[in-house]
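For reference, the structure is listed below as structure tokens.
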């Protein structure tokens, strides 16, 4: 039997949608590991036979079938052999639009109607075996965020709910949850991922701190959308519109978690939610093993976003203290990222997406002016005056306050209205 090679999965899907070519995944039918090794293919992976093509460097997997042997996404037994057909390999895939193969001559093999669902803009599972891999819940939600004009087939949504009810998503390890969330956050419309996860019940199991925001009201004078969950979705999509990097998008996701912990009798005000948000964001990052850059930016954003919003009303001394709390002189790039996250928060409000956010430019100018201060010279001058200890630090601080005398006082008229909205 002559081995046959096929491109499968996302590369075929995206080509049919007219999207730029992604990395191609190949399946070979009718081959053995020894035969591929003899042709110079290099083996990779431990769970099933995957090889690197000797010329193109692309991944090639032996056609395989699988069966469920235990809970979670590790509970599978794979069978890879020359007699496994392409159709058997495609049958184990998640969605019909990902179960299309293309032969080397360009012929398409589409046993599950993937082209039909691409045309209809529908995300539909291939078979009932979809329920056996809980990662598919996250993958489908991420794909929905990447292709927001696609709907989810009703029978597929029913399977998602069944998987949640049966506890399949509880078997997901933190690293895998983070990996899929991070990819979903970087899509064009990340809100869709979280809305779908909430609709099937998975958000309450995986990110209960986020799920609790829906149904929690906010002051309408600052938040025309009122609902905290609705606000969060607007913030995430604003971050995508501004092409924010992953740490900023994660910070946007968790910046208001404390509102979900506000006692009901205090609604719609959320006094002190910043400190609660920082604590909850840190605990969530610990649970999901979120990378340090995302975790650190999330903490400072949760803690300081209200002060950044109100910075137009702050005098020079208060501005210097804000910069100090944000560690802006040592971490200027993180400070810039904080300001971008705050802009997303300010513009992530119903009808206010195009609103100007002058705080960002003004605080960047405040940072520039205070960076120009020669801290060493200010400290030496203090010591020359006989000062010591904390007095030296106060002298450096005063030099920075003095530098802010050059900071323009003008701000856009809407600044006071935004204020430090609780």
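Limited to region 118-158, what total is found for residues that are touching a residue at least 60 places away in the same chain (Cβ under 8 Å), within 18 Å of residue 172 (Cβ to Cβ), part of a helix (DSSP H, G or I) and more than 21 Å from the chain's Cα centre (by Cα)? Result for region 118-158: 2.
State whether the residues of region 340-347 include one that is surrounded by 15 or more Cβ atoms within 10 Å (Cβ to Cβ) and more than 18 Å from residue 256 (Cβ to Cβ). Don't jump to the end; show me each part of the working.
Step one: list which residues in region 340-347 are surrounded by 15 or more Cβ atoms within 10 Å (Cβ to Cβ), which gives 340-347.
With the extra rule that they be more than 18 Å from residue 256 (Cβ to Cβ), the set shrinks to none.
For region 340-347, residues surrounded by 15 or more Cβ atoms within 10 Å (Cβ to Cβ) and more than 18 Å from residue 256 (Cβ to Cβ): absent.
What residue, among those in region 368-396 that are in contact with a helix residue (DSSP H, G or I) (Cβ under 6 Å, 6 or more places away or on another chain) and touching a residue at least 24 places away in the same chain (Cβ under 8 Å), is farthest from residue 236 (Cα to Cα)? For region 368-396, the residue satisfying everything is 375.
Taken together, the residues in region 25-41 that are modelled with pLDDT of 80 or more, within 10 Å of residue 60 (Cβ to Cβ) and either within 25 Å of the chain's Cα centre (by Cα) or not in a loop (DSSP other than H, G, I, E, B) (or both) amount to 4.
Restricting 346, 318 to residues that are without any contact (Cβ under 8 Å) to a residue 12 or more places away in the chain, in a helix (DSSP H, G or I) and assigned by TED's automatic domain parsing to the domain that holds residue 244 narrows the list to 318. May I ask you to list the residues in region 103-117 that are touching a residue at least 60 places away in the same chain (Cβ under 8 Å) and either surrounded by fewer than 19 Cβ atoms within 10 Å (Cβ to Cβ) or assigned to a loop (DSSP other than H, G, I, E, B) (or both)? Those that are touching a residue at least 60 places away in the same chain (Cβ under 8 Å) and either surrounded by fewer than 19 Cβ atoms within 10 Å (Cβ to Cβ) or assigned to a loop (DSSP other than H, G, I, E, B) (or both): 103, 104, 108, 109, 115.
For region 264-280, state whether one or more residues are in a helix (DSSP H, G or I), touching a residue at least 40 places away in the same chain (Cβ under 8 Å), assigned by TED's automatic domain parsing to the domain that holds residue 339 and farther than 23 Å from residue 134 by Cβ.
Going through region 264-280, the residues in a helix (DSSP H, G or I) turn out to be 264-266, 273-280.
Still in the list and also touching a residue at least 40 places away in the same chain (Cβ under 8 Å): 273, 280.
Subsequent filtering for residues that are assigned by TED's automatic domain parsing to the domain that holds residue 339 retains 273, 280.
This time we only want the ones that are farther than 23 Å from residue 134 by Cβ, so: 273, 280.
Scanning region 264-280 turns up at least one residue that is in a helix (DSSP H, G or I), touching a residue at least 40 places away in the same chain (Cβ under 8 Å), assigned by TED's automatic domain parsing to the domain that holds residue 339 and farther than 23 Å from residue 134 by Cβ.
The values are calculated or read from the model by the stated rules, or taken from the named source; none is laboratory data. Note that the structure is predicted; figures quoted are calculated from it, not measured. Neighbour counts are summed over all protein chains in view; Cβ atoms, including those assigned to glycine, are modelled from backbone coordinates with ideal geometry.
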